[in-house]
Amino acid sequence: MGFPEYVPDSTTVWSFRKTIIDNGKEKEIWNEMQKQLDGIGLKIKKWMIQDATFIQSHPGHVKADKPRGKDAKTRRSKDGTWVKKGGKSYFGYKLHTIIDKDYELIRRFETTTASVHDSQVDLSEINEVVYRDKGYLGVGARGFAETMQRAVREHPLGIRDILRNERISVQRVPCERVYAVVKEIFKAGKVFVTTVERVNVKMLMTAFCFNLHQMMTLKSKGSI
């Protein structure tokens with residue numbers, strides 16, 4: 001596409017994103033990209049990888065029990081929620097994605113608040129095989145779930161489960177690259193917008209750009 005001579009200012013970009021929200025065009029834009037990916041031979045085959053990552057936001061100078069959403073009295077206290085993982089607290093949102101293992105393109109995504117557990121979002125489709133980490137254990141999927149096992153009290157993992165986890169872990173490696181690009185290259189790991197719908201549009205643009213980035217990688221490898 002190249003770059004325009006004039007780069008729009010932040011107000012113009014914000015207005016453009018708001019127009020997308022106001023007209024409910026998020027899914028239409030995303031589905032059009034997927035249609036074009038299919039059209040150049042990058043159709044989903046079978047193997048998928050689902051994961052999620054935190055998108056952090058500024059909690060503002062209010063306590064956790066203060067009203068959020070429409071009742072919030074500060075612009076920094078809208079839809080974001082707190083969650084603790086691995087002894088660390090996060091405030092904000094969560095990006096859920098599912099990528100195809102063959103081309104490592106983001107095929108579906110969903111944006112939620114940070115406190116929504118990974119297992120509550122299923123992005124797989126019927127007849128797909130979806131690789132998932134331990135956070136999805138015990139929760140079914142529309143596709144065929146290959147989920148890593150987790151040891152519980154007085155029931156350590158046996159050697160078969162350990163080896164199975166290792167095999168699944170190897171298959172899931174590409175999703176780590178997706179989030180590294182999203183956060184390190186596109187700087188989308190932190191947001192300043194304060195509602196789920198606005199964060200969702202930012203994630204739409206980020207996922208869109210990641211796929212363009214990945215298509216350049218596939219092209220350099222002669223895959224397309």
(request) Would you mind telling me which residue in Glu104, Glu166, Glu197 has the biggest mean-square fluctuation in a Gaussian network model of the chain, where springs connect alpha carbons within a distance under 10 angstrom? (result) Glu166
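In what order do Ser119, Ser10, Ser15 fall by count of nearby beta-carbon atoms within 10 Å, going from fewest to most?
Values: Ser119 17, Ser10 7, Ser15 11.
So the ranking, lowest neighbour count to highest, is Ser10, Ser15, Ser119.
Provide Asp161, Asp9 in ascending order of the number of other Cβ atoms located within 10 Å of each residue's Cβ, fewest first. Intermediate results must be reported in sequence, preceding the final value.
Numbers: Asp161 14, Asp9 9.
Neighbour counts put them in this order, fewest first: Asp9, Asp161.
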(request) Using Cα positions and a limit of under 17 Å, work out the lysines in reach of Lys221, with same-chain residues fewer than 8 apart set aside. (result) Lys101
(request) Using all C-alpha to C-alpha distances in the range 154-224, build P(r) with 5 Å bins and read off the rounded percent in each one. (result) 4, 13, 15, 16, 14, 11, 10, 10, 6, 1, 0
(request) Just tell me which aspartates and glutamates come within less than 19 Å, Cα to Cα, of Lys134; anything on the same chain fewer than 8 places away is out. (result) Asp51, Asp118, Asp122, Glu146, Glu154, Asp161, Glu166, Glu176
(request) Quick one: compute the contact order of the range 26-220, relative version, from alpha carbon pairs under 8 angstrom and 6+ residues apart, as a percent. (result) 24 percent
(request) Go through Lys84/Lys190; Lys27/Lys85; Lys43/Lys94; Lys25/Lys183 and tell me which ones have a Cα-Cα distance over 20 Å in this structure. (result) Lys27/Lys85; Lys43/Lys94; Lys25/Lys183
(request) Before rounding to the nearest 500, sum -39500 (n - 2.57) across all DSSP H runs of length at least 4 in the chain and divide by the residue total; then give [θ] at 222 nm in deg cm²/dmol. (result) -10500 deg cm²/dmol
(request) Give the order of Ser124, Ser115 when sorted by the count of other beta carbons within 10 angstrom, beginning with the fewest. (result) Ser115, Ser124
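None of the figures in this text is laboratory data; all of them are computed from the coordinates on show. Bear in mind that the values here come from a model prediction, so they are computed numbers and not experimental data. Using ideal geometry, Cβ is built from the backbone for each residue, glycine included, and neighbour counts are taken over all protein chains shown.
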